[in-house]
Structures are given as structure tokens and as C-alpha cells.
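What follows is a set of notes on a single structure, which appears directly below.
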Amino acid sequence: GTSTAQARSAELEQLIRKDPSRFRVLTGDRPTGRLHLGHYFGTLHNRVRLQDLGVETLVLVADYQVLTDRDIAENLKEYVEELVLDYLAIGIDPERSTIFTHSAVPALNQLLLPFLSLVSVSELNRNPTVKDEIAHSRQASVSGLMFTYPVHQAADILFCKADLVPVGQDQLPHLEITRTVARRFNERYAKDRPVFPEPEALLSTAPLLLGTDGGKMSKSRGNAISLSADADETARLLRGAKTDADRRITYDPAHRPEVSSLVLLAALCEETDPLQVAEEIGDGGGAALKRRVTEAVNTRLAPIRARRAEFAADRALVRDVLRSGNARANEIAERTLREVRESMGAAY
Ligand code: ATP
Ligand code: MG
């Protein structure tokens, strides 16, 4: 569960600090819209921190996975560009980290075939995140891709033998599938010389940030505050955020999820303690809380937004970043695929 993963994340943190070169990170996002504060505090901030500590970092633009919950990938080119700009704006440095797209790395996707043979249909059926996403899906029926995308994600992570995955809470069941795939592959085909590590999740202190409606903040649920929104839009969105009838502001995530999530957001932005933020607002009520959060978010995001605008002005930048990232990811993927074929006895 989440608390075990959080305890393990704290241990990992120590190990990373001791020797960052021991680890390799892979994470990614679907190009389904602009990145939001849930991404930022759930995973992006950690990615930049790891990169800056010297951990080798790969960041995937999961363009094929856009199709898990919709029939066509609308505005794909635009969304991919937005995503890369978001990465650059928060501090992912393409000189040190590899930013690449699914569709440009065929060898990665080829791993899906042997990997699918390593999991059972009932294991896929049990995945709670997939169930939740099916419930929010725009499609009338569940596609094969929706059902199997956690295995595709195993390929994303294992193609580069990543052992550390900074993610939000919703990804924990997927990471279990990845670990199962790695373990079974090694057991079946590579007993003497394991091909894959069993990667571990690195959770942040905000593994599930809620959106303005009190549900998980998500790009596709209309409840998100995007990193690239301007100060006025941010204020408007937060004015419309759901609160509750209790005038006194407290921090009590179990009983007051909406209010607590706003308190937490202010605390994260200010790098303070949510209990203290709630205490300071006290009887000021929902209006004071929203003013405080708006101020905190806009202050925290101002430099990111300014950097983003600078990067956006350079038309060739995104293309160049992806071109070199894709080239590097292809080299890694080819090498791993060759090893997989050899282990399976399929190399000539
Ligand atoms: P979509 O609605 O299109 O699925 P999303 O907002 O859920 O978009 P993803 O691209 O699915 O975003 O997730 C990317 C990463 O961000 C994952 O590691 C996920 O765990 C993390 N993440 C997404 N939303 C949140 C959130 N609200 N709180 C914390 N982490 C989050
Ligand atoms: Mg999602």
C-alpha cells in the first residue's frame, strides 16, 4: 500500500544521496494536455531533484498511451510540444536528461509482446487504477490497449533498465506489474544473468493531490490548475474550488478532503507545514483560504511560467530536444531488445 511505499521512499532517498550513480530513473506523462500542480508536487519536482543530484534520468512522452482511454489522439503534436515545454520550464535539462517519445522508439514497443506473455488476464483485471480509469474513460467499451497498458508501461521502464520511478500514488499498481514482469522474465529466460532490475516507486510527499472538484487532479477531468495557466486564470479556478460548510479551516485530509487539499497546496508552494497554514487561516474561512492558495501558487509558479514563455519563443527547441532524446533512447532500446532476444533464444 501507500504507507509502505512511502516508508520505502524515505529509505531510497538515503541510498540515492549516498550514491546517485547507482540509480537510473524513468518517468513519463501522456501528452493529453498541459501539466498541472498534481504532476508538479506528485512527480515533476522529484524528477528535477534527482536529475540535479546526478541520477541518470529519462523522461518519456507517452504518446501511444494517449489512446488508452480515447479513440484518437487529438491535438497530439501540440500537446507533445506543450509537454516538452513544461519539462524544460520546471528544470528538466535536455543536456543531462533524455526526453523522448514512444512512437519514435520501436524497439521499446517490441518488448510488449514477450512481456504480455508474462502476466495473466486476472492479474490485469485486478488493477485498481485501470478500473478507475475505465470508469472515467470517454470510450463506450474498454479497448485492448486500456487493458494492457500497464504492461506497456513495464516496457517503458524496463527498456532502459530503470530501477527508480518517481510517481504518484495511482501508479503503484502498475509498478507492481512491472516488477512482476521483470522477475518472471529473469526467472524464465535469464536465471544465471538477470536482464532486468525490479524497479521501485519513489513517492513524493504529495502522492495524490486533489483537484478543484475534490477528485484526483487530472488533465482530462477539468479540475486541474496547469503550470502554464496565468495568474488570473489560476485565481478564477481556485475561486471555483469546492470547499465545505465548516467555516473554521483545519487540516484533516481524512474527513475534509477538499479543504485539506487546498491547505496542502498552499503549504507545498510555500514549503511550510499544512497544519500551520490551517492554523493561520483559522476562522478566515473558505475565502481567506482561497486567497492564500492563489497567492502561494502564483508566487511559486511565476519563475516557471516566465521560463516557459522564453522556451516557447524558440520554435526549433522542442524538435531538437526530441530528436536527440529519441536517438539516445533508440540506442538503449536496441541494446536491451537484443539482450531479450538472446535470452529467449531468438537471436540469429
Ligand atoms: P490523464 O487525466 O490524461 O490521465 P493525469 O493528470 O492523470 O492525466 P498522467 O499523465 O496520467 O496525468 O500522470 C503522470 C504522472 O503524474 C504519474 O506519475 C502520476 O502518478 C502523476 N500524477 C498525476 N496526477 C497526480 C495527482 N493529482 N497527484 C499526484 N501525482 C499525480
Ligand atoms: Mg492519468
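The values are calculated or read from the model by the stated rules, or taken from the named source; none is laboratory data. What you are looking at is a predicted structure, and each value in this text was computed from that prediction instead of being measured. Virtual Cβ from ideal backbone geometry, glycine too; neighbours counted across all protein chains shown.
Only one of ARG34, ARG24 is touching a residue at least 40 places away in the same chain (Cβ under 8 Å), touching a Ser or Thr at 6+ places or on another chain (Cβ under 6 Å) and not hydrophobic (A, V, I, L, M, F, W, C); which?
Result: ARG34 is the single residue among ARG34, ARG24 that is touching a residue at least 40 places away in the same chain (Cβ under 8 Å), touching a Ser or Thr at 6+ places or on another chain (Cβ under 6 Å) and not hydrophobic (A, V, I, L, M, F, W, C).
Wholly within region 256-330, which helices (runs of 4 or more DSSP H) include no fewer than the required count, namely at least 3 residues that are surrounded by fewer than 20 Cβ atoms within 10 Å (Cβ to Cβ) and free of Cβ contacts under 8 Å to residues at least 40 places away in the same chain?
274-281, 285-312
For region 238-269, how many residues are more than 23 Å from HIS136 (Cα to Cα), of a type in the set (S, T, N, Q) and within 16 Å of ligand 1 (Cβ to nearest atom)?
Residues meeting the conditions: 1.
With the requirement that a residue be assigned to a helix (DSSP H, G or I) and within 13 Å of ligand 1 (Cβ to nearest atom), what does region 193-237 give you?
LYS219, SER220, ARG221
Condition first: among the acidic types (Asp, Glu), more than 13 Å from the chain's Cα centre (by Cα) and in a strand (DSSP E or B). Can you find one or more residues in region 29-43 that meet it?
Checking region 29-43: not a single residue is among the acidic types (Asp, Glu), more than 13 Å from the chain's Cα centre (by Cα) and in a strand (DSSP E or B).
If a residue has to be of a type in the set (D, E, K, R), modelled with pLDDT under 95 and away from ligand 1 (no atom under 14 Å from the Cβ) to count, how many in region 132-181 make the cut?
Count: 0.
Based on this model, can you work out whether HIS45 counts as touching a Ser or Thr at 6+ places or on another chain (Cβ under 8 Å), of a type outside the set (Phe, Trp, Tyr) and either crowded, with 18+ Cβ neighbours inside 10 Å or at pLDDT below 95 (or both)?
yes
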